[in-house]
Every structure is written in C-alpha cells, then in structure tokens.
Amino acid sequence: MTREDEPFWRRKRLDEMTPEEWESLCDHCGRCCLVKLEDEDTGEIHYTTAICALYDCANGGCVAYAERQRKMPDCVRLTPEAVRTLSWLPSTCAYRLLAEGRDLPPWHPLLSGTPDSVVEAGVSVLGKVVSERDVALDDLPQLIVKWPE
C-alpha cells in the first residue's frame, strides 16, 4: 500500500485535514459532552452521567451542532491546538488518539463503515446519561462515574 492509499488520518496531521475530514473523525460517542467536575485540590477531572442540555438523550447527538457554541457558551470547540491541551478528552477520542500518534480503534465508524459500531462497542453514552437540565447542581457529585475512561 502506497502512502496515497493510506486513509487520510494516517497521512495527514490534524492541522492538515479539511473541515470534512476533521468532522468525520468524531465518532459521536458523546463523551466530550458529559458534564465534568474538577477536583479543586488535585485538578483531577471527574466525568458524570449528566450531559449537555443540547444532547439528544433518546437518539444521541447534539440537537444544535452548528449553533452549539452560541447556544452553550461553555461548549469547547475542538481544534488541533485545543486537542493537544485538553486533558479531559476521553481516551477513546479520535482527535486525542491521532494527536498522540495512535490509530483509530476498530469500532470507529471510519473503519467499521457504520455509526452503530460505537454503540455496539459500548463507547457511546447513549442510554447511560441524563440531561443536565434534569439534575440539580448540588447532585452532580453523586453522578460521578468511571466508565468513560
């Protein structure tokens, strides 16, 4: 197989990808949309089962993806620069994996050919979360989970 025959994510750096290639790296697992808590003393990040109010808990995905930063000002826009510095990106995140010089996992839709593979692999948050709209801020510590990592 020649270099040109390799998939784009093996040939290009993150900052060389087209917008379409960049977007296709997202497996839509929803893990980055989980509400996270930071330990004030240690800086450790804890994931919760609460998820962004824009996440469709019944079907998965963001209901306002194109407008997410406007509707949710704390929604972080992933860029090649951001990916290299965000410690809270899940270990399964394609952006993180590629930034660390690793390859996509076999269940990634670009390899499997189906978006269902993310759910089948148990990576998706679908069916495991509750909207942050339905959770009191004081209750978030009780929702900390280990499964995203």
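Within the stretch 1-24, the set of residues being among the acidic types (Asp, Glu), closer than 22 Å to Ala66 by Cβ and not in a helix (DSSP H, G or I) is empty.
The numbered conditions (1) touching a residue at least 12 places away in the same chain (Cβ under 8 Å); (2) in contact with a helix residue (DSSP H, G or I) (Cβ under 9 Å, 6 or more places away or on another chain); (3) among the hydroxyl-bearing types (Ser, Thr, Tyr) are all true for Thr114 except (1). Only one of the numbered conditions (1) more than 25 Å from Lys146 (Cα to Cα); (2) modelled with pLDDT of 95 or more; (3) surrounded by 11 or more Cβ atoms within 10 Å (Cβ to Cβ); (4) not aliphatic (A, V, I, L, M) is not met by Thr48, and that is (1). Within the stretch 123-144, the residues that satisfy the criterion of being surrounded by 14 or more Cβ atoms within 10 Å (Cβ to Cβ) and either closer than 21 Å to Asn59 by Cβ or in contact with a Gly (Cβ under 8 Å, 6 or more places away or on another chain) (or both) are Val123, Ser124, Val125, Leu126, Lys128, Val129, Val130, Ser131, Glu132, Val135.
Could you please let me know if Asp27 is among the acidic types (Asp, Glu), crowded, with 19+ Cβ neighbours inside 10 Å and either touching a residue at least 24 places away in the same chain (Cβ under 8 Å) or in a loop (DSSP other than H, G, I, E, B) (or both)? Yes; evaluated as a whole, the condition is true for this residue. Of all the residues in the stretch 51-74, those that are under 12 Å from the mean Cα position of the chain (by Cα) and surrounded by fewer than 18 Cβ atoms within 10 Å (Cβ to Cβ) number 1.
One residue stands out in the stretch 4-43 among those that are of a type in the set (Gly, Ala, Ser) and farther than 23 Å from Cys57 by Cβ: the one that is modelled with the highest pLDDT, namely Ser24. The single residue among Ser91, Ser87 that is out of contact with any helix residue (DSSP H, G or I) (no Cβ under 6 Å at 6 or more places or on another chain), closer than 23 Å to Gly127 by Cβ, of a type in the set (S, T, N, Q) and surrounded by fewer than 18 Cβ atoms within 10 Å (Cβ to Cβ) turns out to be Ser91. Among the residues of the stretch 76-102, those that are over 12 Å from the mean Cα position of the chain (by Cα) and hydrophobic (A, V, I, L, M, F, W, C) comprise Ala82, Leu98, Ala99.
The values are calculated or read from the model by the stated rules, or taken from the named source; none is laboratory data. Remember, predicted model here, so these are calculated numbers, not experimental data. Neighbour counts are summed over all protein chains in view; Cβ atoms, including those assigned to glycine, are modelled from backbone coordinates with ideal geometry.
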